[in-house]
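Q: To start, I am sharing the structure in question, which I have written as structure tokens.
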Amino acid sequence: MSRTTPPAVRPEVQALRQQLLETRREFHAHPELSWKEERTQSVIVERLRDLGLADVRAIAQTGATAVVQGAKPGKAVLWRADIDALPIPERSGLAFASKNGGVMHACGHDTHIAIALALAELLQARRASLAGSVRFVFQPAEEAAGGATRCLADGVLESPNIDRVLGLHISADVPIGAINVAPGPFFAAPTAFRITIAGRGGHAAAPHQGVDAIVVAAHAIVALQTVVSRSVPPADTAVLTIGKVASGFRGNVIAESATMTGTIRSYDDRVRELVCKRVEEVLTGVCAAFGASFEFRHNTTTPALVNDPAVTAFVVQAAERYFGAGNIHASASMGADDMSEFLRERPGCYFWLGARNEAKGIAGRHHDPGFVIDEDALPLGVEFALRLIEGSV
């Protein structure tokens, strides 16, 4: 459902609207890749210190953390925002487009930073009446994976001991004034794989003397498309995508090898193991038929993201009160996010915040050079985050 008028925000949030947009645009114009977020980290740390938060420090190489310590006793909440960009050349046409060639905030992490900093400012200003505490984690390297585990290793769940983990991801698919949230598996576990086909090279005019790795790879690609459709039970969910194929020297040479890289997505370890087993079996059969051999390597970089049922029920109830029951979507994604690492350690919930607005012609796609969002979503994110924290601490 697409709403015509987004819900209102409290005066304190509205007063920060321009600052919120300027912050987002500054980070958008200066994106940095995973593990290279030095400028981003520096700006965040400076802002947190200026706000007077406690325990302001660098973590996870290029990340940052700080705590708003309420004056009253209560629970401890962790709010996570990822901060890295992607190796994508920007073609959005925005006035504040990336100044770093070939690097772009094409997934909205700049908005996550801006929302978290505004949230920190508002909570710090009212800490005298705040019960409990809120730790902010500005996490590097979500796109490359590994940033979350480094944050955990730096002790972000202790001092204070975290009771609940919350976070949001901006969405170019969900309409503004709505959210997408559901209990249980919500993002998939990503398994990156690399397949190398070994054939035998030769002259293109004498194909019978070689084993054409390109032909073998082509048959393998077609056969692998049946792994999910014919081996995974319909009640389960999986994706197998081959995103890159590389082979050959020139047009008159039989290719001696071919390399394919891709991803497998699943919510369940059992399903992932089944898919990997079937990939191995398919490759064995195809390569045997052509006299080739293969190597299949795969690595799961982060577990599936699983929202805690009780915390998610709390988020849904808060969303129904704020956005309206008709604006709550409940659709899991086969995307991946290492927020899952935090949710393995503490109960919590991660959700999509709508930022699509077709009435304004804003209907971008994540990880696309033309990615855009409706910035009116940012104050809504701050307002809703405040409501969740007020109900948590």
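Q: Exposure proxy check: THR284, THR302, THR111 ranked by fewest other beta carbons within 10 Å? Display every interim value, and only then the final one.
A: On the way: THR284 13, THR302 23, THR111 27.
So the ranking, lowest neighbour count to highest, is THR284, THR302, THR111.
Q: Same structure again: Could you list SER98, SER266, SER34, SER159 so that the one with the fewest beta carbons within 10 Å of its beta carbon is first and the one with the most is last? Intermediate results must be reported in sequence, preceding the final value.
A: Values: SER98 23, SER266 27, SER34 20, SER159 12.
Placing the least packed residue first, the sequence is SER159, SER34, SER98, SER266.
Q: Could you please state, rounded to a whole Å, how far the C-alpha centre of segment 182-228 is from the C-alpha centre of segment 82-97?
A: 32
Q: With Cβ to Cβ distances under 12 Å as the rule, what net charge do the other residues near ARG200 carry (K, R +1; D, E -1)? Working shown, then result.
A: On the way: positive: none; negative: ASP212, GLU256.
Residues close to ARG200 contribute a combined charge of -2.
Q: Treating the angle as unsigned and between 0 and 90°, give the value, to the nearest 10°, between the Cα long axis of helix 38-51 and the longest Cα principal axis of the chain.
A: 20
Q: Enumerate the lysines that LYS99 could reach by cross-link, defined here as Cα to Cα under 21 Å, with residues fewer than 8 away along the same chain left out.
A: Answer for LYS99, where 21 Å is the Cα cut-off: LYS36, listed by chain and number.
Q: Helix 17-29: angle to the longest alpha-carbon principal axis of the chain, degrees 0 to 90, nearest 10?
A: Tilt relative to the chain: about 30 degrees.
Q: Could you tell me the ratio Rg/Rh of the chain? Both radii from Cα atoms, Rh via Kirkwood. Please list the in-between numbers first.
A: Numbers: Rg = 23.5 Å, Rh = 22.6 Å.
Taking Rh as the inverse mean 1/r over Cα pairs, Rg/Rh reads 1.04.
Q: Here's something else I'd like to know. What is the set of long-range amide H partners of GLY370 at a cut-off below 5 Å, with H atoms built 1.01 Å from backbone N?
A: ARG91
Q: Let me ask something else about it. What is the fewest-to-most order of MET260, MET334, MET339, MET104 by other Cβ atoms lying within 10 Å of their Cβ? Walk me through the numbers before you get to the answer.
A: Working: MET260 22, MET334 16, MET339 28, MET104 25.
By the 10 Å Cβ count, ascending: MET334, MET260, MET104, MET339.
Q: Report, in degrees rounded to the nearest 10, the 0 to 90 angle that the Cα long axis of helix 309-322 makes with the longest principal axis of the chain.
A: 60
Q: Name the chymotrypsin sites (Phe, Trp or Tyr not before Pro) in segment 226-328 that are in a loop by DSSP and that have at most 11 other C-beta atoms within 10 Å, would you? Display every interim value, and only then the final one.
A: Numbers: sites: PHE249, TYR267, PHE290, PHE294, PHE296, PHE314, TYR322, PHE323; in loops: PHE249, TYR267, PHE323.
Here the sparse-neighbourhood loop sites are PHE249.
Q: Could you order peptides 54-60, 348-354, 210-216 by the average number of other Cβ atoms within 10 Å of their residues, highest first? Write out the running numbers ahead of the final one.
A: Working: 54-60: 17.6, 348-354: 25.3, 210-216: 21.6.
Output ranking for 54-60, 348-354, 210-216: 348-354, 210-216, 54-60.
Q: For the chain, what's the relative contact order in percent, using C-alpha pairs closer than 8 Å and at least 6 residues apart? Working shown, then result.
A: Details: 916 pairs, mean separation 92.8, N = 393.
Answer for the chain is 24 percent.
FYI, it's all coordinate maths here, none of it is from the lab. Just so it is clear, the model here is predicted, and its values are computed rather than measured. A quick note on method: Cβ atoms are made from the backbone with ideal geometry, for glycine too, and the neighbour counts reach across all protein chains shown.
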